[in-house]
Amino acid sequence: MKKEKLPFSKKKDGSLLYLIIFAVLFVAVIVRTIVSNGSSSNTINGMFNHSAVKAPIELSFSDVLRKSKDIKTMSIKGTEAKGTLKDGTTYRATMAYDPTLLEKISKNGASISIDDSKSWIEYLGTWVPILMGLLFIWWIFRGLKGAQSGGLSRTLIGQNPTRITMGKTKTTFKDVAGIDEEKQELMEIVDFLKNKEKFKEVGARVPRGILLSGEPGTGKTLLARAVAGEANVPFFATSGSDFSGIIVGLGVAKIKEIFDMAKRNAPCILFIDEIDAIGQRRSQHSFNDQDREQTLNQLLIEMDGFSNDTGIIVIGATNRPDMLDSALLRPGRFDRQVNIELPDLAGRRAILDLHAKKYKIAESVNLQDVARGTTGFSGADLENLLNEAALHAVRSGNKVVEQSDVEEARDKILMGPKKNRKMRPEDIKLTAYHEAGHAFVSLHYSDVTDPIHKATIVPRGRALGMVQHLPVDDKVSMTLAEVRANLSVALAGRAAEELFFGADKITTGAESDIAMATHLARYSVTTAGLSKKIGTVAINQANTFGQRVALENASEKTAEAVDNEIRVWVDNAHSDAFKLLSKNKSMVEKLAKELLARETLTGDEIREIVFGKKKTVKKAVVKKSNAKK
Ligand code: ADP
Ligand code: ZN
């Protein structure tokens, strides 16, 4: 991107000048200190040197008073005097300024010269501290004045720079994948920037501001940039968090400056990231509230100020649209809101396909499977995933990115890096049976659970092992049967520990399984109305932080019933899993032993062990056809 020099970046040069001035002054002070030290050391040398010229004698002020009659010449400089006595000896003396004494000496026939011209270094020594003080005061004052009058406060902005990038961008809608509806909404803006006249003729009012909301990494910046690229207009980007400074009024100046710049370059896109940093609702009181309020007001003034055909489109981005001051959302300001959701399965696939072009990826890598296994990933996460995979490929000496690299990258992002943790053999064994338990029960319910992707006893993050599922599609809801099956799968790990190792050998390793199951049961009973006993009523059981609080909408009796019901659901799931595993003990054992031998089993391998070859083939066919749709 071509970067045009901005007034803002020129300020850097300004502050450099001040830096140089300060440096010169500083050096001057040091030099002076050294020089004055040097001269005093001369005196010492003089006293000890047996040179031809006799060293001057030292006279104190009282000596001078006593010997005033004996003085022949005296030249005074500051508090130092030197000269000769009438007997020819040279002297040095420390003088206090005393006109009567000087008069007395001169009356006795001595010639006195007073040198009050100071060396430049001495001048500096006196004046530099004062100058520095003055300069500093001026510096602050100038900044304030600049901020208030809206002029450039170069120094202050230099001190707290507004990062702004600008220029023509090559990014277009082709670089944005998976958010077609959002693209469509912005198409109109592109059209307006390209054909202003057309809109003017009809008298259509085009939004001045567009608010893009969405989680970090969903492509808000990318989309804004693409609008500029499509319309072939300059793109200015800045961030709301850069507008608050230690000095009140600074944000106002910066807003004015940026809008002035946009006006000079119209038509253009002015992108303000993290706009919530300036546009927060005004009721929330905080330390620099007043400053932010002024900044926000200035933003509103600027947005109201330019006429519709100026051709400036302001695009704001936030991940907290709920925090914004409603004044920002009024007509003529950010009156159009585009919400960018996390990409769904098709969206993830499209984004992966787009970014995959940048890497050498083996044909065997199934991007559809990657998309299936990355529910909740943003566009930026997906890009990061591919990059991690490429890095892993390089580290493991692959020429192209293989499926294993993608697997590793995904697991690393989701669970943390592989651990080389030394585990006791009995812990490894228990983990294998635990995971085999999950895998078997999951296979048993394969009609209503997501297909198993893999099972592993390689520790990663906090997990000692895991069974991963790969949803065929993004889930938006679950049937009661699915909930029940998932509860059984979740508790099957603990059930396997009990079955194979005995009730007193169970471990804390099932902690997250239990948390997950309890959460799912509680959600089903109190929120989703899945329990016959409690019925289809919504009961608040969590505050906004997800912490369990007293049941607000429930009598004590209902609260007790809810607690009992959750327990019943979890207990039933646990005993269901235990029964299933006991009935198929040898099969589960076989799975566990394979896991111990191979550490990681793919979904197909697990299905083969449990169902035999035939079923695996059938499953694979089913999977393919799913992948196609
Ligand atoms: P945001 O501004 O919402 O935080 P960005 O626009 O900065 O997100 O996205 C970061 C990066 O993630 C982009 O540069 C791009 O590489 C990638 N990305 C995000 N969303 C998409 C998308 N829909 N299509 C293609 N790439 C995307
Ligand atoms: Zn488990």
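Rounded to the nearest Å, what's the spacing between the alpha carbon centres of region 304-335 and region 350-425? Just the number, please.
39
Work out from phi, with θ = phi - 60° and the Karplus expression 6.51 cos²θ - 1.76 cosθ + 1.60, the ³J(HN,Hα) of each residue of region 514-523, listed in order in whole Hz, and give x for Gly and Pro.
Each residue's phi maps through the Karplus curve to give 5, 4, 4, 5, 4, 4, 5, 5, 5, 4 Hz.
Where does each of 321-327, 128-134 land if you order them by average Cβ count within 10 Å, highest first?
321-327, 128-134
Non-local amide H neighbours of residue 473 (under 5 Å, H modeled in plane, Pro and chain starts lacking H): which ones?
Amide H neighbours of residue 473, under 5 Å, 5+ apart: none.
What is the mean projected area of the alpha carbon convex hull for region 320-475, to one decimal in square nanometres?
13.2
How many nm separate the modelled label positions at residue 503 and residue 515, each set 7 Å beyond the Cα in the direction of the Cβ?
2.7
What is the mean projected area of the alpha carbon convex hull for region 393-488, to one decimal in square nanometres?
Projected over every direction and averaged, the Cα hull of region 393-488 covers 7.7 nm².
When ranked by the protection proxy of mean other Cβ atoms within 10 Å per residue, highest first, what sequence do the peptides 507-518, 473-484 form?
507-518, 473-484
Please list the non-local residues whose amide H lies under 5 Å from the amide H of residue 211, H modeled 1.01 Å from N, same-chain partners needing a gap of 5 or more.
316, 336, 337, 338
Please arrange 530, 59 by how many other C-beta atoms lie within 10 Å of their C-beta, fewest to most.
Taking fewest neighbouring Cβ atoms as first place, the list is 530, 59.
Nearest 0.05, what FRET efficiency do residue 537 and residue 306 give at R0 = 51 Å with Cβ-Cβ as r?
0.45
So what is the orientation-averaged projected area of region 288-374, using the convex hull of its C-alpha atoms, in nm²?
9.3
Compute the distance from the alpha-carbon center of region 426-463 to that of region 206-263, in whole Å.
48
Please list 357-366, 291-300, 249-258, 185-194 highest first by mean number of surrounding beta-carbon atoms within 10 Å per residue.
My ranking of the peptides, most packed first, is 249-258, 291-300, 185-194, 357-366.
For residue 599, list long-range residues whose amide hydrogen, built 1.01 Å from N in the peptide plane, is under 5 Å from its own amide hydrogen.
For residue 599, whose amide H was placed from the backbone, there are no distant partners under 5 Å.
Where a number appears in this text, it was derived from the coordinates with a stated rule and is not lab data. What you see is a predicted model, and the numbers here were worked out from it, not measured in a lab. Please note: Cβ atoms are built from the backbone with ideal geometry, for glycine as well, and neighbour counts cover all protein chains shown.
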